[in-house]
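Report on the following structure.
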Amino acid sequence: MENLIDGLKDMLKNQISIETNDKELIINLNLRGERKNKDELGDETELRDMLKIFGGLKEEIQMNINIDEESQKFSIKFTNKEDMEKVHKILENLWERAADLLKKAFIGDFKAIKDLGDFTE
Amino acid sequence: MSKQIITNNNPFHLKWNFPQRRTYKGYTTSNIYIPMRDGVNIAATICIPQNLSSEDKLPTLLYQTRYWRAAKLRIPFRWVLKETSIFSPTPTLFTNRGYVIVYTDVRGCGASFGSRPYPFSKEEVKDGSDIVDWIISQPWSDGNVVSNGISYTGITAELLAVNNHPAVKAIMPGHGLWDAYTDVAFPGGCFDLAFIQLWSFVGKNLDQNNSKPFRELIPMLWLLMKGVKAIDKDSEQKFLKEAMKEHVLNDYVYDLLCDKDFRDDSLPDGTMIHDISPFNFKKELEKLNLPILSWCSWQDSAYIDAHLNRFINLKNPHIAIIGAWNHGAGYSADTLNPDKVDTIPSPTERITTWINFFDTILYGEGIQGKTLFYYTMGEDKWKKTYVWPPEGTKRQRFYLSENNCLSNEKPDSEVGEDKYKVSFTASSGRLNRWWTLLGLPIDYSNREKADKKLLTYTSEPLREDLEITGNATITLYLSSTHNDGAVFAYLEEIDNNENIHYFTDGNLRLIHHKISSESPPYNIIGPFHSYKKKDASPLIPNEITEVKFGFRPTSALIPKGHRIKLAIAGADRDTFKQYPTEGRPTITIARNASNASYIEIPIMIRNNN
């Protein structure tokens, strides 16, 4: 598991690209690698949870999330540039932060997860 | 002459004898339901080496769990990892060596249908046979099935052999119980309230597809896992939701056992705790003479008793391994050398050994006889024996003496006793040998503080190195102000810097103190307490009673100059139920010529002595 965690950040970086469209106020997450069905891709709630728990997003941001199985793409549309930049910044660091959190959790660092909030189950 | 070989006995460096087979790269995964004899669908995840031709026939490793056979990971991890990749290590090692792996959720658990009255029920055990029937009917199967696992899955691996299915060729129970009463629920007759309660709580949540309890226990799993993996055809999770509804009928061990005390207490369907224990199936386990590789750790709960009892009692060809690590070998745990972090084999080293064992059984010459490899804590050495306890030991007594001393001399005075008012706040912590059943690391570095609440006795500095290998015992002549209670005895060493290092312990609920004259249900080492209702013997307040019980087996080297310390408690707050539930007893331990309390330690006679 430890080896897996060490390689996780690179796997995430290599297999997910982040594209921004400043004009349309859209961020696209493009997934590469093995094709995933709708369930494997995830839903809007999971994406919001990811931004919150792994990305540290604290506030409620208005986002319109579209998931396209065909193109294996998440499109997140914002209502203003400020919100988009906020989420873009979070996404840029999210893979590293998620891998780091996992590593801390692996060695039993309960403090690291103390204030993360909760997933929507 | 002793058969022991003192050096080069690391079981993870053994040379095995089997022909080389084709290797594979990568594997494909599928998730399906396998129907059982009664129509219950068991969820299975199947990992098959990639690029098999129709002529390729492979053996199968079966792994039956109650903790989700495969996980639906959270995003973003789900985007890059397979549902099986969080297993440590990943299935790749097995699939690359030409094994198909079948992971199943036992009935009533995960994505499987059905319900469970308690763990390891008859129906759950029979499912193993149905699953093997399904496996050997698959086009990729060569008709051979082996099974391994750690903890619950180690027990399902062992119980698979009970079916005597001819396709099952070898089993590998790791860190598993042998006697459900003494090894996990009631060690020494004391209810392991903390573990049983937490384990039931986790089980209840897992069976309802909720990973939240992991947040407080194993945070990594909470971060990684959203739930159990549904079968491939169930993208809407309709089957999964149906299965959850059936799980509502499950019963959980805490609810079943919290008001129980005795080995022969019945569960609602009339089953007794020992009916589900592997020892109860000794005949079935021996019938086909299946080879066994079992492994455990000195500091893993009472599973170390289980491990040695399995080794002693089964006639099967058997390789047994005892290391110094926590439950499941995730963390090192040589408590005499707590800074040493490399007592565990790497996952790759470990799994390679497991595959080599299976290859030797399936394609090589097999194994003969019984061999036990064990690690001596504090010495950092692997050793080998063919019998337990090893040949070449003698027993040495240390008497409880005045001024809290341990002495080799029996007291000659007719008076001498120590009074101890039980502290119900005494605790061995939450990183002890019991909590590790949840996969936690082991840490006994708090003994100095813990011992302040205990009655202790310490020896003079040792004149020679002392290797303690085997099962020590304690004999106390005690009286109590109450008719119920418990004794927890810890064996520790004090080094030259006054650091205290725990190395083993034993405990007994005092109503079980009677030494039974009946034959034990299986061969045991040390005093036999039946834990049955008819043998319950409440103490007569203030009357001296002989109380004798075993410490958990160990192998520990105490260097010259260090001292041995015995610490006695009447409770272990963070783990065990309190006895008695009301009142606070004062225990009086006699240490005089007529009633000489003592510990008896198995000493390995060493060449340098």
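Determine the equivalent ellipsoid of the range B:391-469 by diagonalising the alpha-carbon gyration tensor, then write out the semi-axes as square roots of 5 times the eigenvalues, largest first, rounded to whole Å.
Details: eigenvalues 160, 90, 24 Å².
Working through the eigenvalues yields semi-axes of 28, 21, 11 Å.
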Checklist entry - Can you run phi through the Karplus equation (6.51, -1.76, 1.60; θ = phi - 60°) for the range B:464-480 and list ³J(HN,Hα) in whole Hz, with x for Gly and Pro? => result 9, 4, 10, 9, 9, 9, x, 10, 6, 10, 10, 10, 10, 9, 10, 10, 9
Item to check | Residue range of chain B that is longest and free of GluC sites (Glu not before Pro) which are both DSSP loop and sparsely packed (at most 16 other C-beta within 10 Å) | outcome: B:56-235
Checklist outcome for this item: Once amide hydrogens are built 1.01 Å from N within the peptide plane, the residues lying 5 or more places from B:Asp572 or on another chain with amide H under 5 Å from its amide H are none
Checklist entry - Relative to the compact globular guide of 2.2 N^0.38 Å, what is the alpha carbon radius of gyration of the range A:2-114, as a ratio? => result 1.10
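Considering only DSSP beta bridges where both residues belong to the protein assembly as shown, give the percentage that are antiparallel (nearest 5). Don't skip to the end; give the middle numbers.
Working: 97 of 128 bridges.
So the antiparallel bridges in the protein assembly as shown amount to around 75 percent.
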Checklist outcome for this item: Quick note, the range B:556-609: a/c under 1.5 would make it rounded; otherwise a/b > b/c is prolate and the rest oblate (a ≥ b ≥ c, C-alpha gyration tensor); here it is oblate
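Only Lys, Arg, Asp and Glu count, each charged at its Cβ (+1, +1, -1, -1), so figure out the dipole size of the range A:2-114 about its Cα centre, rounded to 20 debye.
Numbers: 20 positive and 25 negative charges, 69 e Å.
Charge dipole of the range A:2-114: 340 debye, to the nearest 20.
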Next on the checklist: Cα atoms only: what Rg and Dmax, in Å, come out for the range B:75-196?
Outcome noted: 16.4, 50
Checklist entry - Please state the equivalent ellipsoid semi-axes for the range B:275-410: what are the square roots of 5 times the Cα gyration tensor eigenvalues, largest first, in whole Å? => result 31, 21, 14
Checklist entry - With all pairs of different alpha carbon atoms counted, what Kirkwood hydrodynamic radius in Å does the protein assembly as shown show? => result 27.5 Å
Checklist entry - What span do the alpha-carbon atoms of the range B:121-160 cover on each of the three principal axes, reported in whole Å from largest to smallest? => result 30, 20, 9
Item to check | Cross-link reach list, lysines versus B:Lys383, counting only Cα pairs under 29 Å and skipping chain neighbours closer than eight places | outcome: B:Lys3, B:Lys15, B:Lys169, B:Lys282, B:Lys315, B:Lys340, B:Lys370, B:Lys394, B:Lys560, B:Lys565
Item to check | DSSP-loop trypsin sites (Lys or Arg not before Pro) across the range B:494-600, with at most 12 other Cβ within 10 angstrom | outcome: B:Lys560
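What is the Cα convex hull volume of the range B:337-470 when expressed per residue in Å³? Working shown, then result.
Numbers: hull volume 24.8 nm³, N = 134.
Residue-normalised Cα hull volume stands at 185 Å³.
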Next on the checklist: Rounding to the nearest 10 and keeping the result within 0 to 90°, find how far the Cα-based axis of helix A:2-15 lies from the longest principal axis of chain A.
Outcome noted: 10 degrees
Checklist outcome for this item: Note on chain B: contact order normalised by length, alpha-carbon pairs under 8 Å, 6 or more apart, percent, works out to 16 percent
Checklist entry - Based on DSSP, what percent of beta bridges with both residues in chain B are antiparallel, to the nearest 5? => result 70 percent
Checklist entry - Looking at the range B:250-348, what % of its DSSP beta bridges pair antiparallel, to the nearest 5? => result 25 percent
Next on the checklist: Which one, A:Ala112, A:His88, A:Gly42, projects farthest toward the positive side of the charge dipole computed for the range A:2-114 from Cβ point charges (K/R +1, D/E -1)?
Outcome noted: A:Ala112
Checklist entry - Long-range amide H contacts for B:Cys109: which residues qualify at under 5 Å (H placed 1.01 Å from N, peptide plane, sequence gap of 5 or more or a different chain)? => result none
Item to check | lysines with Cα under 17 Å of B:Lys82, excluding same-chain neighbours fewer than 8 positions away | outcome: A:Lys9, A:Lys13, A:Lys36, A:Lys38, B:Lys25, B:Lys72, B:Lys226, B:Lys229, B:Lys233
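Calculate how large, on average over all directions, the projected area of the Cα convex hull of chain B is; give the answer in nm² to one decimal.
Numbers: hull surface 108.4 nm².
The Cα convex hull of chain B, projected and averaged over all directions, gives 27.1 nm².
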Next on the checklist: Counting only helical runs of four or more DSSP H residues, what would the 222 nm mean residue ellipticity of the protein assembly as shown come to if each run contributes -39,500 (n - 2.57) and the total is spread over all its residues?
Outcome noted: -6500 deg cm²/dmol
Checklist entry - So for B:Phe201, B:Phe279, fewest C-beta neighbours within 10 Å to most, what's the order? => result B:Phe201, B:Phe279
Checklist outcome for this item: The alpha-carbon center of the range A:61-119 and that of the range B:88-144 are separated, in whole Å, by 36 Å
Checklist entry - Relative contact order for the range B:118-253 using alpha-carbon pairs under 8 Å, separation at least 6, rounded to a whole percent? => result 18 percent
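Only the coordinates and a few stated rules stand behind these numbers; no lab work does. Quick caveat, the model's predicted, so the values are computed rather than measured. All Cβ positions, glycine included, derive from the backbone under ideal geometry; neighbour counts span all protein chains shown.
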